[in-house]
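The values are calculated or read from the model by the stated rules, or taken from the named source; none is laboratory data. Since the structure is predicted, the reported quantities are computational estimates derived from the model, not experimental observations. With ideal geometry, Cβ positions are generated from the backbone for all residues, glycine too; neighbour counts draw on all protein chains shown. All accessible areas refer to the heavy atoms of the entire protein, side chains included, with ligands and DNA or RNA removed. Shrake-Rupley method; radii C 1.70, N 1.55, O 1.52, S 1.80 Å.
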Amino acid sequence: MPHLGDATRGRILFGGDYNPEQWPEETWHEDVRLMREAGVNSVTLGVFSWSRLEPEPGAREFGWLDTLMDLLHANGVGVVLATPTSAPPPWLGRLHPDTLPRDENGGVEWWGGRQHFSHSSATYRRYAAAITEDLAARYGGHPALTMWHINNEYCTADHGDEAAAAFRRWLRARYGTLDALNTAWGTAFWSQGYDSWDAVLPARRTHYLKNPGQVLDFRRFTSDMLLECYLAERDIVARHTPHLPVTTNFMPLFSGQDAWRWAEEEDVVSVDLYPDPRDPFGAQNGALVQDMTRSQARGPWMLMEQAAGPVNWRGVNHPKPRGLNRLWSLQAVARGADAVCYFQWRQSRQGAEKFHSGMVSHAGEHGRTFQEVKRLGAELAAIGGAVTGTHTAGDIAVLHDWHSWWAGSQEGRPSTEVDHPEILRSWHRALWEAHLATDFAHPEHDLSAYRLVVVPQLYALTDTAVENLLRYVRGGGTLVAGFLTGVADEDDRVRPGGMDARLRDLFGIRTLHEWWPLDPGESVECGGFRGTLWSEELEKTEDATTEAAYKGGELDGLPAVLRTGRAWYVSTLPEPGALRDLLTRVAAGTGIRPVLDGLPDRVEAVRRGDLLFVLNHGREPVTVEVPGTHHDLLTGTAVEDALTLGRYGAAVLRP
Ligand code: GLA
């Protein structure tokens, strides 16, 4: 099981990205004083330090970092040391243009921003390995070092010539022959048959729709190439410090990495999470990413980045109202985080992110942001011993797969209104509002431990995944699947009949005549609720039960929700309350109970180990019934049968 290593030792890691190269040395001393005041015990150093460490090719400037490592250590702050390879110095691009990535139009992504590296460039990889090697050799034995952070938010695609050559190698390894590639990509369509590997290109700009097989493989290739970059650096640091954990930070609702695959290569799974403070479902969006990250980690994980206040990359960037930073941080701990960290420690005065908050904002140590950070640091220290290292698995698994997302989100599909992350959010929201504890799983994972498996949408499924779902239901499991599931195979080839025959059989679908996607704002009556986004013209088999039928219009009387035994198929997106009721009913049928009964609106309850976290996401005070006697670790008081939580209030209860 991945772990945070000795870094935690019963403490929740608390801190953030620290970019001292932006500040004069006197500020470093003020930084460590404030870190001590706030209970900061961990910082991530060096994420964007390449040009400071290697100001010209082959040079090494480690003196400033030596000073900082020593200073932090002397002040009890551990260091997650980053390899600086996500932001190469300008000289690298200038001397070696082959290190710069190209977009789909062939345009160069120049230095002057960040992440301007080509994953396929041998030159980039050589320089990245060299600086990684020297960092690991120099600091591997430093007592401040607790963990390695490789690169940052790997996401850059490359359509250039070196990437094209690498793509061909990747495709040769996958398909062996050009015939197999032509078959997988369906190149008989539009005269795309390849006669030579040299003609195969990355998914560059075309006049009209691109070949979907090519696009899908290019996304797989991109994830794999970035993974190769990660592994190369990971292996270097692991050689120097085999005892220290290694991580890289995910952004799971951006689509660039197959995070299931990547997580297998990490000691600690870490994630960056920035829900919008104004979003009424911000807490649920956070919960979704936290559930996903815990499931990838199969244990405690690290919240590598969040914002103490506003970000700077939305159209309108809202601050966090008083108490929200604390509440969302405790929510992450409730869902398994053993580290609560931020981008970044001190808000910048210059550069592209100067209006992005920091733990110490422009208002300084007397500003509300830092005052709230300080309070949170003290509270995390109080509960750290009771929570770290513990893990609680859910009874329900939501299935998610990046390859399926990539295949299903291409151009030329039945409705551009269907957005995969939105579908995931809708289904997760239904479970979240019903207070049902939820894990995520890959469709090929062993699902036998779950009583209920929910598939919001898996457009493309391998045969192995289909068989896995059948085995799960045959073995006594209950399955609920949403529309556009099982449509295509792993090459994005539509299954005969428009949906995998084994799955049609499972759900009791004799014929899937047509899809009837709905316009924005349109809905269909389904007898008791309204369906949105999508509807289907289905003919059921005799043994299937229509649980809800379309009323009126073309589909009048046809099944909207269909069930055969323990397998349910939902051919529309029920409005939120209806989806929640449906999943609550199905879950209850399997014996799954909500975390707590009778919770008021906007109150969330989460179990972690033997602790019960109760979180009020509302602005009004609420009274929550919690039967029995508990001890609130945050207030140090006893709680008998009920507690009152103020606006954004939280309690961490031990029986
Ligand atoms: C990402 C990056 C950080 C910073 C933040 C801003 O998470 O990793 O370097 O840019 O976004 O929100």
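Determine, yes or no, whether T67 is without any contact (Cβ under 8 Å) to a residue 60 or more places away in the chain and part of a helix (DSSP H, G or I). Against the criterion (without any contact (Cβ under 8 Å) to a residue 60 or more places away in the chain and part of a helix (DSSP H, G or I)), T67 qualifies.
Selection of first residues in segment 348-365 that are assigned to a loop (DSSP other than H, G, I, E, B) and of second residues that are more than 12 Å from the ligand (Cβ to nearest atom) and small (G, A, S), restricted to Cβ pairs under 9 Å at least 6 apart or on distinct chains, gives the following pairs, ordered by first then second residue: M359/G15; M359/A38; S361/G367.
Condition first: at pLDDT below 95 and not in a helix (DSSP H, G or I). Can you find one or more residues in segment 522-541 that meet it? Scanning segment 522-541, I find at least one residue that is at pLDDT below 95 and not in a helix (DSSP H, G or I), so the answer is yes. For segment 279-330, filtering for residues that are more than 20 Å from L611 (Cα to Cα), polar (S, T, N, Q) and more than 16 Å from the ligand (Cβ to nearest atom) leaves 2. Looking across segment 612-632, the residues that are buried (at least 20 other Cβ atoms within 10 Å of the Cβ), more than 25 Å from the chain's Cα centre (by Cα) and among the hydrophobic types (A, V, I, L, M, F, W, C) come down to V624, V626.
If you scan segment 426-449, which residues turn out to be more than 17 Å from L288 (Cβ to Cβ) and open to solvent by 30 Å² or more (accessible area, probe 1.4 Å)? So that I can check it myself, show each step before the final result.
Of all residues in segment 426-449, those more than 17 Å from L288 (Cβ to Cβ) come to 443-449.
Answer for segment 426-449, where residues must be more than 17 Å from L288 (Cβ to Cβ) and open to solvent by 30 Å² or more (accessible area, probe 1.4 Å): E444, H445, D446, S448, A449.
Does R346 count as away from the ligand (no atom under 16 Å from the Cβ), crowded, with 22+ Cβ neighbours inside 10 Å, assigned by TED's automatic domain parsing to the domain that holds T247 and not aliphatic (A, V, I, L, M)? No. Quick one: which residue in G106, G112, G160, G186 is without any contact (Cβ under 8 Å) to a residue 40 or more places away in the chain and small (G, A, S)? Of the residues listed, the single one that is without any contact (Cβ under 8 Å) to a residue 40 or more places away in the chain and small (G, A, S) is G112. Looking only at segment 243-281, which residues are over 11 Å from the mean Cα position of the chain (by Cα) and of a type in the set (D, E, K, R)? Hits for segment 243-281 are R261, E264, E265, E266, D267, D276, R278, D279. Applying the set (1) in contact with a strand residue (DSSP E or B) (Cβ under 9 Å, 6 or more places away or on another chain); (2) in a helix (DSSP H, G or I); (3) farther than 23 Å from W28 by Cα; (4) open to solvent by 30 Å² or more (accessible area, probe 1.4 Å) to V289 leaves exactly one unmet item: (4). For segment 230-278, a tally of residues being over 21 Å from H391 (Cβ atoms), away from the ligand (no atom under 16 Å from the Cβ) and part of a helix (DSSP H, G or I) returns 11.
Please state which one of A297, A308 is out of contact with any strand residue (DSSP E or B) (no Cβ under 7 Å at 6 or more places or on another chain) and surrounded by 24 or more Cβ atoms within 10 Å (Cβ to Cβ). Break it down into steps so the answer makes sense when it comes.
Details: A308 fails: out of contact with any strand residue (DSSP E or B) (no Cβ under 7 Å at 6 or more places or on another chain).
Answer to the check: A297.
Taken over segment 239-274, the residue count meeting the criterion of being surrounded by fewer than 20 Cβ atoms within 10 Å (Cβ to Cβ) and free of Cβ contacts under 8 Å to residues at least 60 places away in the same chain is 5.
Please verify whether segment 377-385 includes one or more residues that are farther than 21 Å from D610 by Cα and open to solvent by 10 Å² or more (accessible area, probe 1.4 Å). Checked segment 377-385: at least one residue is farther than 21 Å from D610 by Cα and open to solvent by 10 Å² or more (accessible area, probe 1.4 Å). Within the set H73, H142, the sole residue that is in contact (Cβ under 8 Å) with a residue 12 or more places away in the chain, surrounded by fewer than 23 Cβ atoms within 10 Å (Cβ to Cβ), within 22 Å of D235 (Cβ to Cβ) and over 30 Å from the mean Cα position of the chain (by Cα) turns out to be H142. Would you pick out the residues in segment 414-425 that are open to solvent by less than 60 Å² (accessible area, probe 1.4 Å) and over 16 Å from the mean Cα position of the chain (by Cα)? Answer for segment 414-425, where residues must be open to solvent by less than 60 Å² (accessible area, probe 1.4 Å) and over 16 Å from the mean Cα position of the chain (by Cα): S415, V418.
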